[in-house]
Structures are given as structure tokens and as C-alpha cells.
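Right, one structure below, let's go through it.
The values are calculated or read from the model by the stated rules, or taken from the named source; none is laboratory data. Because the structure is a prediction, the values reported are computed rather than measured. Cβ sites come from the backbone with ideal geometry, for glycine too, and all protein chains shown count toward neighbours. What goes into the accessible areas is simple: the full protein's heavy atoms, side chains included, and nothing from ligands, DNA or RNA. Shrake-Rupley method; radii C 1.70, N 1.55, O 1.52, S 1.80 Å.
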Amino acid sequence: MINIILLGAPGSGKGTQAEKIIQRYNLVHLSTGDIFREEIKKGSAIGILAKSYIDKGELIPDSVVLKELYRRALLHKNAKGLIFDGFPRNEKQGAMLDLLLRKKKKPISIVVCLEVPEEELFVRILKRAQISGRTDDTEEVIKNRLRIYRSETEPLKEYYKKQHKLIEVNGNRDVLNVAHSVSTSIDEFIENKNLK
Ligand code: AMP
């Protein structure tokens with residue numbers, strides 16, 4: 001079993017790369033952003049709560065995110081592995097995830113961080129806004145999301161570096177080139193750590 005985390009700023013291509021990885025390694029994709037957008041569409045209580053944070057580019061409270069993620073992860077008990085996209089977003093979430101997976105004796109295997117320069121992130125998100133219809137893809141909200149990424153999420157790189165699980169990939173290339181680097185790095189990691 002392999003469990004992978006995809007880290008990276010908003011617009012770094014996590015969703016796109018997650019799709020490639022799940023196909024190649026037969027994993028289940030858990031994107032907290034997608035999960036909450038789905039709840040918003042359904043008009044559920046959790047969706048209404050999530051929207052009040054998402055629209056401002058703020059993080060949804062940890063307790064809400066963890067409860068929902070845990071519920072979804074349980075639906076895939078027999079999966080070959082999970083890929084977490086957009087989760088964890090801060091050290092508290094990282095520590096909680098470690099605790100949960102360790103209890104199940106299925107720890108995080110690898111953390112892939114997609115690195116993309118800030119100017120390019122803006123260009124990408126504003127382009128995506130034209131088709132996504134996402135209420136948080138506006139210039140002002142993007143600025144807040146990037147600020148929160150730098151202050152809350154990026155420190156997770158150090159957290160996973162200490163665990164010798166971090167792979168940094170240049171995400172400032174076309175999708176297929178990035179996907180090739182990501183899968184090569186994952187393959188090497190699996191080989192070296194005997195994870196199969
Ligand atoms: P994303 O699709 O990953 O860019 O997430 C969109 C928005 O959903 C974020 O800006 C947050 O408001 C919220 N969100 C997604 N994942 C998390 C998380 N792990 N913790 C807190 N908020 C989250």
C-alpha cells in the first residue's frame with residue numbers, strides 16, 4: 001500500500017497531477033477542495049459552512065476538515081492506497097493525519113511538492129477562473145490563498161523533510177513533463193524504500 005500527499009500552492013497543478021498518479025498507481029484520490037465544492041453544490045450544512053471560508057480564501061477549521069476527510073477515507077478501506085490533494089494544509093492537519101494512518105499501520109509513504117513561481121501561479125489561476133466558475137479564483141482571494149499557503153502550508157515541507165519523505169518537483173513545465181518527473185521520483189522512492 002502506498003499513501004501519497006501532493007503538496008503545492010494553489011494553481012501548482014495538484015489536481016491535474018493527481019489524476020495522472022491515480023491512473024498509474026491505482027490509488028483513490030481524496031481532494032478536500034473537491035469534497036467541499038461537492039458539499040456546496042448539494043447545499044448541505046457542511047457545504048454552507050465551508051463556503052463562508054472558501055469564498056474568502058481562508059482555511060476551513062481543522063475539526064471540520066478532519067471529520068469529513070476521515071468519513072471519506074473510511075469509504076475506501078480496501079483501496080490500494082490514497083492520494084491526498086489539498087490536505088494537509090497546516091502542521092496540525094499533518095500531525096493528525098500521521099496519527100490516524102499510523103493507527104491503521106498505513107503511514108504516508110511519499111510527499112510530492114510541486115514548485116511553481118508565484119507570477120506563474122497567478123497567470124494559471126486567472127486563466128482557470130475563466131472556465132472553472134470558482135468563486136475563489138478572483139485576484140483578491142488568490143492573494144489571500146497564496147499568503148496562507150506560504151505561512152501555514154509551506155512549513156509542512158520541513159515537517160516531511162525531517163521524515164525523509166519529501167520529493168520536490170519543478171511544476172513550471174508542461175503537464176506531461178511534470179507527470180514524468182513525478183512518476184519517476186515516486187518509482188525511485190518506492191524502489192529505494194522497498195515500499196511495494
Ligand atoms: P483547493 O481546491 O485545494 O484549492 O481548496 C479550495 C479551498 O477549500 C481552500 O482555499 C480552503 O478554503 C478549502 N480547503 C481545501 N482543503 C482544505 C484543508 N485541508 N483545510 C482547510 N481548508 C481547506
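The condition of being open to solvent by 50 Å² or more (accessible area, probe 1.4 Å), modelled with pLDDT of 95 or more, among the aliphatic types (A, V, I, L, M) and more than 7 Å from the ligand (Cβ to nearest atom) does not hold for L75. Within the stretch 78-93, the residues that satisfy the criterion of being assigned to a helix (DSSP H, G or I) and either buried (at least 17 other Cβ atoms within 10 Å of the Cβ) or within 11 Å of the ligand (Cβ to nearest atom) (or both) are K92, Q93. Of everything in the stretch 56-72 that is assigned to a helix (DSSP H, G or I) and among the hydrophobic types (A, V, I, L, M, F, W, C), the residue that is surrounded by the fewest Cβ atoms within 10 Å (Cβ to Cβ) is V64. With at pLDDT 95 or above and over 14 Å from the mean Cα position of the chain (by Cα) as the only criterion, which of K56, K80, K14 stands out? Testing whether each residue is at pLDDT 95 or above and over 14 Å from the mean Cα position of the chain (by Cα) leaves just K56.
When restricted to residues that are near the ligand (Cβ under 10 Å from one of its atoms) and farther than 30 Å from R24 by Cβ, the stretch 61-72 contains 3.
Working only within the stretch 83-101, note down all residues that are modelled with pLDDT of 95 or more and farther than 23 Å from S151 by Cβ. I83 - this is the single residue of the stretch 83-101 that is modelled with pLDDT of 95 or more and farther than 23 Å from S151 by Cβ. Selection within the stretch 13-55: residues that are farther than 19 Å from K80 by Cα, among the hydroxyl-bearing types (S, T, Y) and near the ligand (Cβ under 10 Å from one of its atoms). The member of this set that is least open to solvent (accessible area, probe 1.4 Å) is T32. Count of the stretch 1-12 residues, restricted to those that are part of a loop (DSSP other than H, G, I, E, B) and either open to solvent by less than 10 Å² (accessible area, probe 1.4 Å) or under 14 Å from A179 (Cα atoms) (or both), is 3.
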